[in-house]
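Got a structure for you, written out below as structure tokens; questions coming shortly.
The values are calculated or read from the model by the stated rules, or taken from the named source; none is laboratory data. Because the structure is predicted, anything quoted here is derived from the model rather than measured. As a convention, Cβ positions derive from the backbone with ideal geometry for all residues, glycine included, and neighbour counts pool all protein chains shown.
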Amino acid sequence: MMELQILLATYNSSRFLREQLDSILAQDRRDFEVLIQDGGSTDDTLDIIGEYQRNNPGTIRFLGRIPASAVENFSSLLAASTAPLIMFSDHDDVWKPGKVKATLEKYRELEAEYGSGAPIMVFTDSEVVDSELNPISRSMIRFQNLNPRHLTLNRLIVQNVPSGNTMLVNRALIKLASPIPPAAVMHDHWLTLVAASMGKIGFLPKSTIYYRQHSNNVYGASYYSFSTFWHKLRLGRERIRTRFQQNINQAVAFGGRYAHSLDERDLNMLEALKTFQSLGPWARRRLLWKYGIWKSGFWRNIGTFLFI
């Protein structure tokens with residue numbers, strides 16, 4: 001059995017898929033298997049997958065085509081995986097040389113400290129680029145004004161910090177987090193909630209991928225600034241509230257599954273969030289303030305408190 005499997009979800013990926021697969025196959029470690037599943041492409045994606053599978057037998061395995069969203073596709077891939085260690089790959093990024101090796105080394109540090117039976121996640125920084133790989137920002141963390149130390153459950157409920165395309169997770173974490181429920185906003189957000197509250201998270205302050213920013217990203221990277229805040233304001237309050245409520249719904253589902261494993265304060269917080277939608281505006285704000293449910297950055301929190 002391979003120690004590492006890389007899970008790649010595709011959907012109309014023909015424009016960028018070759019570059020991504022080439023960057024994975026060019027890694028200095030090749031002792032891994034790439035599992036690919038397609039979410040219902042209508043372009044040449046399946047032809048490209050077939051070509052790479054034929055040229056790389058034993059390394060690339062295609063699981064088939066199922067009509068699915070990104071979170072459903074990755075959740076299905078995760079359920080099909082068998083390796084002790086798992087990495088996730090978006091279809092439109094490019095991995096930098098040494099990504100696999102560097103991430104595994106960071107994982108070994110945590111494994112040595114906490115043991116292989118501990119649920120462990122490692123994530124890294126990434127470099128933001130445009131559709132043609134022209135640089136936008138050397139650091140996704142700085143670009144979005146995220147804080148890799150904000151990894152407590154109350155902070156992560158409304159803002160995920162680790163990006164799935166930079167993650168490595170072990171089998172202990174996968175077992176604890178599975179199955180990923182329909183209420184999950186994204187697979188990586190759910191895994192992060194589980195790792196933060198019942199496992200260990202390690203951050204490698206190194207950009208290991210080129211994150212491609214383009215119009216078809218499911219959740220793109222937003223530059224942190226007042227202008228970004230103003231742009232979201234113009235999109236409308238209901239859109240902001242809907243996205244926020246998705247995070248709350250995920251948190252409630254999380255509390256329902258892991259109530260027996262959480263400390264008293266986290267459990268009380270998640271119980272209180274069950275009533276969030278029925279509360280008035282000021283009661284909602286008081287609840288967030290009481291439990292320190294904050295995002296990173298002044299303008300993000302202003303937006304939250306203005307529009308929820």
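Quick one: which residue in PHE32, PHE16 is at pLDDT 95 or above and under 15 Å from PHE88 (Cα atoms)?
The unique qualifying residue is PHE32.
May I pose another question? Condition first: of a type in the set (Asp, Glu), touching a helix residue (DSSP H, G or I) at 6+ places or on another chain (Cβ under 7 Å) and under 12 Å from SER197 (Cβ atoms). Now tell me which residues in the range 254-278 satisfy that. Before you say what the answer is, go through the steps one by one.
Restricting attention to the range 254-278, the residues satisfying the condition of being of a type in the set (Asp, Glu) are 263-264, 266, 271.
Right, trim to touching a helix residue (DSSP H, G or I) at 6+ places or on another chain (Cβ under 7 Å) and you get 266, 271.
Answer for the range 254-278, where residues must be of a type in the set (Asp, Glu), touching a helix residue (DSSP H, G or I) at 6+ places or on another chain (Cβ under 7 Å) and under 12 Å from SER197 (Cβ atoms): just ASP266.
Select from the range 248-279 the residues that are aliphatic (A, V, I, L, M) and assigned to a helix (DSSP H, G or I) and list them in ascending order.
Passing the criteria: ILE248, ALA251, VAL252, ALA253, ALA259, LEU267, MET269, LEU270, ALA272, LEU273.
Within the range 149-159, which residues are crowded, with 22+ Cβ neighbours inside 10 Å and either in contact with a Phe, Trp or Tyr (Cβ under 9 Å, 6 or more places away or on another chain) or under 20 Å from SER89 (Cα atoms) (or both)?
Applying the first criterion (crowded, with 22+ Cβ neighbours inside 10 Å) to the range 149-159 yields 153, 156-157.
Selection gives LEU153, ILE157.
A further question on this structure: Can you pull out the residues in the range 104-136 that are of a type in the set (S, T, N, Q) and in contact (Cβ under 8 Å) with a residue 40 or more places away in the chain?
Narrowing the range 104-136 to residues of a type in the set (S, T, N, Q): 116, 124, 126, 131, 134.
Listed by number, the residues that qualify are SER116, THR124, SER126, SER131.
Taking the options LEU110, LEU156, LEU146, name whichever one is among the aliphatic types (A, V, I, L, M) and more than 23 Å from ASP266 (Cα to Cα).
Of LEU110, LEU156, LEU146, the one residue that is among the aliphatic types (A, V, I, L, M) and more than 23 Å from ASP266 (Cα to Cα) is LEU110.
If we only count helices (runs of 4 or more DSSP H) wholly inside the range 1-88, which ones have 1 or more residues that are of a type outside the set (A, V, I, L, M) and within 19 Å of the chain's Cα centre (by Cα)? Talk me through it step by step, then tell me what you get.
Numbers: elements: 17-25, 45-55, 70-80.
Here the list reads 17-25, 70-80.
Could we say that ASP44 is modelled with pLDDT of 95 or more, touching a strand residue (DSSP E or B) at 6+ places or on another chain (Cβ under 9 Å) and among the acidic types (Asp, Glu) here?
Numbers: modelled with pLDDT of 95 or more: yes; touching a strand residue (DSSP E or B) at 6+ places or on another chain (Cβ under 9 Å): no; among the acidic types (Asp, Glu): yes.
No, not satisfied.
Assess whether LYS101 counts as being part of a helix (DSSP H, G or I) and either without any contact (Cβ under 8 Å) to a residue 12 or more places away in the chain or closer than 29 Å to THR45 by Cα (or both).
Yes: the conditions hold for LYS101.
May I pose another question? Under 8 Å between Cβ atoms, at least 6 apart or on separate chains: pull out the pairs that start in the range 238-253 with a residue that is of a type in the set (Gly, Ala, Ser) and end on any residue that is surrounded by fewer than 18 Cβ atoms within 10 Å (Cβ to Cβ) and outside any helix (DSSP H, G or I).
Close Cβ pairs satisfying both conditions: ALA253/PRO181; ALA253/ALA183.
Since SER222 meets every condition but one in (1) at pLDDT 75 or above; (2) touching a helix residue (DSSP H, G or I) at 6+ places or on another chain (Cβ under 9 Å), which condition does it not meet?
It is condition (1) that SER222 fails.
Return the residues of the range 115-126 that are buried (at least 20 other Cβ atoms within 10 Å of the Cβ) and either out of contact with any strand residue (DSSP E or B) (no Cβ under 8 Å at 6 or more places or on another chain) or outside any loop (DSSP other than H, G, I, E, B) (or both); say none if nothing qualifies.
Restricting attention to the range 115-126, the residues satisfying the condition of being buried (at least 20 other Cβ atoms within 10 Å of the Cβ) are 119-126.
Answer for the range 115-126, where residues must be buried (at least 20 other Cβ atoms within 10 Å of the Cβ) and either out of contact with any strand residue (DSSP E or B) (no Cβ under 8 Å at 6 or more places or on another chain) or outside any loop (DSSP other than H, G, I, E, B) (or both): ILE120, MET121, VAL122, PHE123, THR124, ASP125, SER126.
Across the range 290-308, what is the total count of residues that are modelled with pLDDT under 95, assigned to a helix (DSSP H, G or I) and of a type outside the set (Gly, Ala, Ser)?
Result for the range 290-308: 9.
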